[in-house]
Amino acid sequence: MSDFQLKRLGLIMEPEPGNPHEVEGTLNPAAIRGPDGRLYLFPRLVAKGNYSRIGIARVIFNEAGDPCGVERLGIALEPEADYERLPDGGGGCEDARVTFVEPFKHYVMTYTALSSLGPRIALAYSADLLHWKRIGLATFEPYRGIDFVNVTNKDACIFPVAVPNHVGKLQLAMLHRPLFPGTLPEDKACEGDDRVVDLEHESIWISYCPMPPENLEPHQPGLFNSHQRLATPVFPWEMLKIGAGTPPVLTRHGWLIVYHGVSKAHGPELAGRDLCYSAGVMILSEEHPRIIRYRSPEPVLTPSSPDELQGTIGNVVFPTGIDRRDDLGTPDCFDVYYGMADSRIGVARLSVRDDLCLNEPQGFRLPEQNDH
């Protein structure tokens with residue numbers, strides 16, 4: 001029996017007929033409760049030519065309390081800043097994650113900005129989820145010769161509270177997945193099953209930024225200046241690539257994230273698509289989130305329905321949003337919102353068991369890093 005039980009609830013959003021903003025897909029949404037207690041999604045809306053905006057939608061629930069549809073409310077962000085635009089007029093604001101950051105008393109969005117530099121992590125903030133102000137690109141200090149700045153970087157999400165860095169200072173922490181040259185899953189798929197994983201360049205990282213004073217709006221991006229390698233591909237279902245997915249949410253066991261992994265695909269129904277994107281679960285230590293206490297050896301969600309197998313990029317489930325169902329009196333149940341084949345949005349319910357077999361925190365040697 002799996003440690004986590006996950007039940008598909010179905011399709012929640014798909015391109016609206018006649019809407020030019022969505023002709024190439026609606027996918028990969030952030031999910032967050034607003035000041036009014038209602039649930040909002042921030043989907044990637046893809047127009048002709050892969051021109052992406054971040055939309056706003058309010059989730060509709062049925063009488064049983066299950067999500068069953070959305071009400072579109074407009075656009076949160078569209079490419080306007082230099083770091084979101086291409087010289088030919090293209091560009092993109094893509095794949096948002098949203099967290100209410102308690103020390104700021106604001107919502108903070110991480111998203112992928114597409115410009116001539118390539119995909120980079122950008123941030124914005126809001127008091128009400130309806131009006132957003134840009135903060136700018138995330139900035140990183142190098143670590144042991146690893147350049148986090150001049151490479152593609154995606155899949156970023158931040159913690160809702162300050163957490164201790166490697167020397168115990170409470171700081172803003174972000175999960176991210178730099179894509180160094182040669183580390184795309186398409187690249188790794190060509191190396192064979194006996195390849196050696198590059199620990200430094202194929203991992204999810206956790207990076208820390210000093211916190212501004214309490215209640216200060218985050219007008220400028222801080223420098224993420226201490227770094228820890230968090231997770232590297234281990235299991236067959238994630239061997240070609242892993243990346244962060246949903247923002248961390250605190251459970252009785254620790255910080256829960258639903259992340260994605262990539263493997264080679266198999267099966268005649270895939271119509272030539274040779275990669276498979278699946279979803280798994282990690283539990284990070286509440287006290288020291290750089291320590292993994294649980295990691296699912298098998299995926300909790302893998303493409304199987306027609307909407308997941310066929311689309312803009314087939315054979316993909318891509319988790320980006322999570323909602324704890326406190327409103328149903330079930331704090332151990334979470335609705336996970338995910339992209340389906342880069343075309344639509346699905347939702348599935350994740351149940352967390354009481355008796356998870358967790359790794360006991362082990363003594364560890366702190367890496368040699370700058371004492372920031």
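FYI, it's all coordinate maths here, none of it is from the lab. Source: prediction; values computed, not measured. For neighbour counting, all protein chains shown are included, and Cβ atoms are generated from backbone atoms with ideal geometry for every residue, glycine included.
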Practice problem: Give the residues of the range 222-266 whose amide nitrogen is closer than 13 Å to a point set 7 Å from the Cα of D274 in the direction of its Cβ. | Solution: 264-266
Quiz item: K7: which lysines have alpha carbons under 30 Å from its alpha carbon, excluding same-chain residues fewer than 8 sequence positions away?
Solution: K154, K241, K264
Self-check item: Label point distance in nm, L223-E63, each placed 7 Å from Cα along Cα→Cβ
Solution: 6.0 nm
Practice problem: Report the label-to-label distance for C357 and S116 in nanometres (one decimal), using points 7 Å from each Cα along the Cα→Cβ vector. | Solution: 5.5 nm
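Given an 8 Å cut-off on Cα distances and at least 6 residues of separation, report the relative contact order of the range 9-352 as a percent.
15 percent
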Quiz item: Which residue, G25, G136, G321, has the most motion in a Gaussian network model of the chain that connects Cα atoms within less than 10 Å?
Solution: G136
Exercise. Could you tell me which of V300, G136, A57 has its Cα farthest along the dipole of the range 9-352 towards the positive end, charges placed at Cβ (Lys, Arg +1; Asp, Glu -1), taken about the Cα centre?
Key: G136
Exercise. Would you mind working out the magnitude of the charge dipole of the chain relative to its Cα centre, with +1 at each Lys and Arg C-beta and -1 at each Asp and Glu C-beta, to the nearest 20 Debye?
Key: 320 debye
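Using helices alone, I'd like the mean residue ellipticity at 222 nm for the chain: each DSSP H run of four-plus residues gives -39500 (n - 2.57), total over residue count, nearest 500. If you can, show how the numbers build up before the last one.
Numbers: 2 runs with 8 residues, N = 372.
So the helix-based figure for the chain works out to -500 deg cm²/dmol.
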Practice problem: Looking at the chain, send over the antiparallel percent of its DSSP beta bridges, to the nearest 5. | Solution: 95 percent
